[in-house]
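What follows is a short report on a single structure.
None of the figures in this text is laboratory data; all of them are computed from the coordinates on show. Being a predicted model, the structure only gives us computed values, none of them experimental. Cβ atoms come from the backbone with ideal geometry, glycine included; neighbour counts cover every protein chain shown.
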Amino acid sequence: MAEIWTDKVIIITGASSGIGRALALALAPYAPKLVLVARDRVRLQAVADSCEAAGAATLVSETDITDPHACFAMVQYAVARFARIDALINNAGISMWGAFEDIRQLELCERVFAVNFWGGVYCTRYALPYLRQSQGRIVTISSLAGLSGIPMHTAYSASKHALHGFFESLRIELAGSGVSITMVAPDFVQSEIHQRSLNADGDLLGQPLSDHYDFLSADRCAKIIIDAMQRRKRLALTSLRGRLGRWAKLCCPQLIDWITKTAINKAYRR
Ligand SMILES: NC(=O)c1ccc[n+]([C@@H]2O[C@H](COP(=O)([O-])OP(=O)(O)OC[C@H]3O[C@@H](n4cnc5c(N)ncnc54)[C@H](OP(=O)(O)O)[C@@H]3O)[C@@H](O)[C@H]2O)c1
């Protein structure tokens, strides 16, 4: 079934690491044309080399997605090379951990929004004309934090909630166009995001969360995302607690608050 990706042009932002890298490597054996986007060219090239060895054609685009002009140029570069776009996976993201009252420079919140929200908006805007032509797919990697509030994660959670508002609205605008929008809200995944998170001072956290090795692997998460993209699902969740939590929140929100606080206290022990 995954053969539908053969020759398809797929843009993956945040492809140099974690879930984005795992997505590229999982798709590569189906011989797609992958446009690999992130800022670190060396790491992107290493992912591209592995994807090419597995059967994909690749294009590396060193792009900071917080810059709308760079996003426009990336899309033009992709179309100049591969002539079409079949899927855009808005995956790049950064995180923050810290109590809101400890954040002294509120610019930190803007930095999180610049990547997590605006980066996805820019890439989508510029890729959309081509996705309309191909009746393609937009996949946006949100988080469980985009469906429910998470303590110590205010700006991150808000940026992910904003993605849901934006893409759920856009889905209605695009009804009948053939373009699908899939939101993915993963639970914790093993990746570099946690150690690369910003703390309340705006510095790097520098270490993974304490139960990092209990998290879902990036490879497993990538398979769930590809399945959802293939089936043009509206929303994909990666954990049972994510699925149950959505419904439980409707009838007993205080219980979900307590479970969330307990889980975060365990993970963010410092
Ligand atoms: N890991 C989890 O527990 C988890 C859970 C739920 C949702 N998510 C979401 O999953 C997505 C992927 O995260 P991950 O866990 O795979 O994290 P990761 O390993 O830190 O990867 C993040 C990717 O985003 C790229 N990126 C960051 N800032 C960028 C910018 N300004 N422009 C372009 N690319 C940028 C990074 O590449 P460069 O540094 O080279 O630019 C990297 O490739 C994120 O949206 C995250 O919020 C993760």
(request) Relative to the longest principal axis of the C-alpha atoms of the chain, give the angle of the C-alpha long axis of helix 154-173, reported between 0 and 90° and rounded to the nearest 10°. (result) 40 degrees
(message) Please check: in the Gaussian network model of the chain (C-alpha springs, under 10 Å), which one of LEU34, LEU25, LEU240 has the largest mean-square fluctuation.
(response) LEU240
(request) Among DSSP beta bridges lying fully in the stretch 2-267, give the percent that are antiparallel, nearest 5. (result) 5 percent
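Give, in nm to one decimal, the length gained when the segment between ALA80 and HIS164 is fully stretched (0.36 nm per residue of separation minus the Cα-Cα distance). Display every interim value, and only then the final one.
Working: separation 84, 0.36 × 84 = 30.24 nm, distance 3.07 nm.
Length gained between ALA80 and HIS164: 27.2 nm.
Any idea what the relative contact order of the stretch 2-267 is, in percent, if you count C-alpha pairs under 8 Å spaced at least 6 apart? Before the final figure, lay out each step's value.
On the way: 523 pairs, mean separation 48.2, N = 266.
Averaging sequence separation for qualifying contacts and normalising by length gives 18 percent for the stretch 2-267.
Run through every distinct alpha carbon pair of the stretch 2-267 and return the Kirkwood hydrodynamic radius in angstroms, one decimal place. Write out the running numbers ahead of the final one.
On the way: mean 1/r = 0.0538 Å⁻¹.
One over the average 1/r among Cα pairs gives 18.6 Å for the stretch 2-267.
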(request) Search the structure for amide H atoms under 5 Å from the amide H of ALA236, placed 1.01 Å from N in the peptide plane, and list their residues when 5 or more places away or on another chain. (result) MET183, VAL184, ALA185
(request) State the extension gain, in nm to one decimal, for the chain segment bounded by TRP258 and GLU101, taking 0.36 nm per residue of separation less the distance between their alpha-carbons. (result) 54.5 nm
(request) Whole Å is fine, so just give me how far the alpha carbon centre of the stretch 95-151 lies from that of the stretch 1-68. (result) 20 Å
(request) Could you count how many Lys pairs in the chain have their Cα atoms under 26 Å apart, skipping same-chain pairs fewer than 8 positions apart? (result) 14
(message) From the mean inverse distance of alpha carbon pairs (Kirkwood) and the Cα radius of gyration, derive Rg over Rh for the stretch 1-50.
(response) 0.96
(request) Assuming a ≥ b ≥ c are the square roots of the Cα gyration tensor eigenvalues, decide whether the stretch 61-166 counts as rounded (a/c under 1.5), prolate (otherwise, with a/b larger than b/c) or oblate. (result) prolate
(request) Mind checking which of CYS251, VAL121, GLN195 is farthest towards the positive end of the chain's charge dipole, using Cβ charges of +1 (Lys, Arg) and -1 (Asp, Glu) about the Cα centre? (result) CYS251
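Stretch ALA53-SER217 to full length: gain in nm at 0.36 nm per residue minus the Cα-Cα span?
Details: separation 164, 0.36 × 164 = 59.04 nm, distance 2.24 nm.
Length difference between fully extended and current span is 56.8 nm.
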